[in-house]
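> This structure is in C-alpha cells; I'll ask about it shortly.
Any read-out appearing in this document is the output of simple, stated calculations on the displayed coordinates, not a laboratory observation. Since the model is a prediction, treat every value here as computed from it, not as a measurement. Cβ atoms come from the backbone with ideal geometry, glycine included; neighbour counts cover every protein chain shown.
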Number of protein chains: 2
Amino acid sequence: MKKSIGSKTIAFPAPVFIIGTYCEDGRPNAMNVAWGGICGSCPPAIAISVRKQRCTYDNIMRTNAFTVNIPSGEFVKEADYFGIVSGKKADKFQATGLTAVKGDKVNAPFIKEFPLNIECKVIGIHEIGEHTQFVGEIMDIKVDQDCLDEDGTPDISKVDPMIYDTAASTYNSVGKMLAKAFLIGKEFAK
Amino acid sequence: MKKSIGSKTIAFPAPVFIIGTYCEDGRPNAMNVAWGGICGSCPPAIAISVRKQRCTYDNIMRTNAFTVNIPSGEFVKEADYFGIVSGKKADKFQATGLTAVKGDKVNAPFIKEFPLNIECKVIGIHEIGEHTQFVGEIMDIKVDQDCLDEDGTPDISKVDPMIYDTAASTYNSVGKMLAKAFLIGKEFAK
C-alpha cells in the first residue's frame, strides 16, 4: 500500500559534495552540497545547486570555476561543518586544518586530504526556483594513489565516499556490491 | 600522493533512478538513469539527464512529465534491464512483470513494486553536450507504507535504495549510518 507524502526533496541517494572555490580576497572556501550529480557524458559534466546568498555563489560567478571534493567517511565532521558555517563568517580551512591546493586546470582550490577531487569549469548556469544550478565541465579528476585499483580506476571501497540521506538528514557509508551493471539484467532481454 | 586521471564521469555516489514515462501509443516505459539528483528546494525539484535517441526523451518532450522510481536492492536485475534495452524495441513492463500505475499528479506511470515513487512535471530543459537535462518539479512522492518510520518519513534502511558506482559500473547497497547532519560538524564552529 502506497502513502502519498506530498512534495518534498526526498530521493535516495544524494551525494556529499564539498565544493571548493576562491573568495575575492584569495581565501579558499568549502561548502557542503547535496543537490547535485553527474549531468552529462560528452563533455563529462557535473551539476551542483547553490543558493544566491552563499559565499560559493559569489565565488563561482566571479571565477567560473569550482572543484567537487569527495570526502571519505573519516572526514564526516569536517564535511558537516562545511555545510553549517558560511564562508562569509569563517575561514573553514583554518578551522578544520584541511589543506587547500590550487587546481592546475581551473582557478579553484581542491582539498588535499579528500581522496577524490574534480576540477570544473562552468559551462552552464540555470535558475531553478531559489537555487542556481552550475554545470561544470569536468576538466580533470585527481585521486589519491592508494585509492586506485590495479587498472588505475578509483575504487569506491577505498575512496569510502558518504551518501546523504535527504529524509533523515544523516550521512551513511556505501554498503556491499550487489551486482555488475549492464550484465545482471540481461536475463530479461532473452 | 595524487594521480591525475583526466576528464571522466566519475563521482561518488550516483543514484539508480528508474524513469517512468508513457509512449505515444500509451504503453508505459522505464529507463535507468544515473545522471541526476535533487537540484532545488523551493520548489522541490529533481534533474535527470537523457540522450536524445532515447525513447524516454521523446516521451518527456511530448508529455512534459516523468516519474523517478527508487528500486530497492531486491530489484537490481529489473533496474539493470531497464538500462540495457530500449523502450523502442521492447515492452519492459511485460518483460519484467512489474506493474505500471498511472500517476495521479502527472501523465506518467510509476512502478508499483518499487518502494518510492516521485511524480514530476517538467519545469526546465537544458542542453548539456550530448545529454538533455530535464528539471522536474516534484509534485508528489508515494512511499510503501512499510517503508515509513514512526514520523511518516521514508526510512532509508527500509527503502533499501541502490547506489551506482560510476567507476566500476556496479550497483551497491547503502551502508551504515555514520552521523547526524548539521550536528556532528558543530565542534569546528566553536
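> Report the FRET efficiency, 1/(1 + (r/R0)^6), for B:Q53 and A:K180, where r is their Cβ-Cβ distance and R0 is 30 Å, rounded to 0.05. Don't skip to the end; give the middle numbers.
Values: r = 24 Å, r/R0 = 0.81.
Calculated value: 0.80.
> Also, I was wondering about something else. Give me a single rounded figure for A:158-167: the average over its residues of other chain Cβ atoms within 10 Å of their Cβ.
Numbers: counts 0, 4, 2, 5, 6, 10, 4, 11, 5, 11.
Averaged over the peptide's residues, the number is 6.
> Right, something else. Shortest first and in nm to one decimal, what separations exist between B:K2 and its copies in the other chains, measuring from label points 7 Å along the Cα-to-beta-carbon line?
For B:K2, the inter-copy label distances come out at 4.5 nm.
> Between B:Q145 and A:D149, what's the calculated FRET efficiency when r is the beta-carbon distance and R0 is 56 Å? Round to 0.05.
Values: r = 41 Å, r/R0 = 0.74.
Computed FRET efficiency for B:Q145 and A:D149 comes out at 0.85.
> Is there a pair in A:K176/B:K180; A:K112/B:K180; A:K112/B:K8; A:K2/B:K180; A:K142/B:K142 whose C-alpha atoms are over 30 Å apart, and which pairs would that be?
As for pairs spanning more than 30 Å Cα to Cα, those are A:K142/B:K142.
> On to the next question. What does the structure give for A:70-77 when I average, per residue, the other chain Cβ atoms found within 10 Å of the residue Cβ?
Across A:70-77, the average partner-chain Cβ count within 10 Å equals 3.
> Do you know the relative contact order of segment A:40-140, to the nearest whole percent, from alpha carbon pairs under 8 angstrom that are 6+ apart? Display every interim value, and only then the final one.
Details: 168 pairs, mean separation 38.4, N = 101.
Normalised by residue count, the contact order of segment A:40-140 is 38 percent.
> Pairs of alpha-carbon atoms within less than 8 angstrom and 6+ residues apart define the contacts here; what relative contact order does chain B have, in percent?
Working: 375 pairs, mean separation 44.4, N = 190.
It comes to 23 percent, rounded to a whole number.
> Let me ask something else. Distance between Cα centroids, segment B:54-70 to segment A:32-108: provide it in whole Å.
For segment B:54-70 versus segment A:32-108, the Cα centre distance is 31 Å.
> Run through the other copies and list how far each one's label point is from that of B:E150, in nm with one decimal, shortest first; the point sits 7 Å from Cα along Cα-Cβ.
Shortest to longest, the spacings are 5.0 nm.
> For the protein assembly as shown, compute the orientation-averaged projected area of the C-alpha convex hull (one quarter of its surface), in nm². Intermediate values should be presented prior to the final figure.
On the way: hull surface 68.4 nm².
Spelled out: convex hull of the Cα atoms, projected over all directions, averaged, 17.1 nm².
> Regarding segment B:14-189, what are the three Cα extents along the principal axes, ordered largest first, in Å?
Rounded to whole Å, the extents work out to 56, 36, 33 Å.
> Put a label point 7 Å from Cα along the Cβ direction on A:N107, then list its distances to the equivalent points in the other copies in nm, shortest first.
4.7
> With Cβ to Cβ distances under 13 Å as the rule, what net charge do the other residues near A:T96 carry (K, R +1; D, E -1)?
Details: positive: A:K77, A:K92, A:K112, B:K186, B:K190; negative: A:E74, A:E78, A:D80, A:D91, A:E113, B:E187.
Taking every other residue near A:T96 into account, the sum is -1.
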